[in-house]
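Single-structure report; data block below.
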Amino acid sequence: MSSIFTRIIKGEIPSYKIAEDEHFYAFLDINPVVKGHTLVIPKAEVDYLFDHSDETLAGILPFAKKVAKAIEAVVVCERIGLTVIGLEVPHAHIHLMPINGLHDMDFGKPKMAMSQDDFQNLAAAIASKVEA
């Protein structure tokens, strides 16, 4: 059975897409820890990040960098934090999160509540800043 992320890539489940190319897809986390919390995933459905090919691993950071720069252009923050946890969905992914301190990346704190309009507007604003 396809992971929820594969179903998002295929358009079977809606997402707040930020960027996409032939190998990667970026979208807002629907349970964000902070405003602008974005997931970057390889399109190939592989559970563990380090089981991906060297080519995929070499490509994900430049793709994530474009997304991170776009997030920084929209969400006021000191920098973009990056983490790989990979336990909650069996499809490798990285989290990009606007941060001003370590506490901003605390996955144990309550998730933010955002309306559908807030998600749509934020995704559109960030997507508009992604350089080709």
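Some points to look at:
- Calculated FRET efficiency for the pair residue 88/residue 61, C-beta based, R₀ 25 Å, to 0.05: 0.75
- Estimated dipole of the chain in Debye, rounded to 20 [Cβ of Lys and Arg +1, of Asp and Glu -1, Cα centre]: 320
- Taking region 66-132 and dividing mean pair separation by its residue count, relative contact order in percent (alpha carbons under 8 Å, at least six apart): 41
- Each residue was assigned an accessible area with a 1.4 Å probe, and for residue 75 the value is about 10 Å².
- Share of carbon and sulfur in the accessible area of the chain stands at 54%, probe radius 1.4 Å.
- Average Cα contact separation per residue, region 1-65, under 8 Å, 6 or more apart, as relative contact order %: 24
- On the basis of the beta-carbon distance and an R0 of 30 Å, residue 128 and residue 23 show a calculated FRET efficiency of 0.85.
- Heavy-atom accessible area order for 107, 119, largest first, 1.4 Å probe: 107, 119
- Taking every C-alpha pair closer than 8 Å and separated by at least 6 residues, the mean separation divided by the residue count of the chain gives a relative contact order of 31 percent.
- Answer label for volume of the Cα convex hull per residue in Å³ (calculated), chosen among (i) 88; (ii) 108; (iii) 134: (ii)
- Taking 21 Å as the limit for the C-alpha separation, the pairs 17/129; 10/35; 35/109; 66/109 exceed it in the case of 10/35; 66/109.
The values are calculated or read from the model by the stated rules, or taken from the named source; none is laboratory data. Just so it is clear, the structure is predicted and the values come from calculations on it, not from any experiment. So basically every Cβ, Gly included, is an ideal-geometry build from the backbone, and we count neighbours across all protein chains shown. Each accessible area value is taken on the protein alone, full model and side chains, heavy atoms only, with ligands, DNA and RNA left out. Shrake-Rupley method; radii C 1.70, N 1.55, O 1.52, S 1.80 Å.
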